[in-house]
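Notes to accompany the following structure.
Readers should treat all values here as calculations from the given coordinates under stated rules, not as data from a laboratory. Only a predicted model underlies this, so the values are computations on that prediction, with no experimental measurement involved. So basically every Cβ, Gly included, is an ideal-geometry build from the backbone, and we count neighbours across all protein chains shown.
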Amino acid sequence: MRALLLKDILALKRTLRIYAAFLVVYCGIGIFSDNPSFFMVFITVLSIMLPINAMTIDKGCHWNAYAACLPIPRSMGVLSKYILAGLGILAAIIPCLVFRLVDRYTSLITDTISWSEIALMTALALTILAFQMPFLFRFGPERGRFASMAALLLLCLGLPILVMKGNVIAVHETFVQNIITQMASFFQPRMWVLIVGALMLNVLSAVISIVIVNRHDVD
């Protein structure tokens, strides 16, 4: 497992450098613009993009065909992508801690990031990860990312529209704009429930992905 993670990290060396540069720039923008909210969304997107980029590189160099010749269970290759994304999410939390330190010891930030917001965005990133990974393993990184985005969009917008009887304006005003704030205030006393629930979703997602990989031929 450690060797597979090292392989992905080395393959993503250039991408990780670009991500690190973006993180530094957006961290500075978030501090001096006194608006860290957009930065949290940005780092969440970056962290869940890591397995997509890793799988794209694997497909381009025909890694799956090569790995089939090695004594490596295909399930281990699947789990390594989940762990890679999890490490990306953990790394994305570090700049959030920087925001809190800057707020604690300086007066540059007045609207800092709360622990509940950090926990909520972590749970959201883990949930999106659990949702998208089976699509990536089933359809490949190119088609899988669009299939997962389309399914997630239908789920996030279609269900509220049905509940609100097709009132798209009401959905935009009451659901889309305030979803993070409402969830943060509702789950604030029990944020650990969201994290545990998101981790359990990833366990279920990993099982589904392993079944998908084992039932399909190597590309």
Calculate the spin-label point distance for residue 87 paired with residue 49, positioning each point 7 Å from the Cα along the beta-carbon direction, and give it in nanometres.
-> 1.9
With a Förster radius of 25 Å, plug the Cβ-Cβ distance of residue 6 and residue 104 into 1/(1 + (r/R0)^6) and report the FRET value to the nearest 0.05.
-> 0.10
Förster-model FRET efficiency, 41 Å R0, residue 72 and residue 151, C-beta, rounded to 0.05 | 0.85
Added length on full extension, which subtracts the Cα-Cα distance from 0.36 nm per residue, residue 15 to residue 57 = 14.0 nm
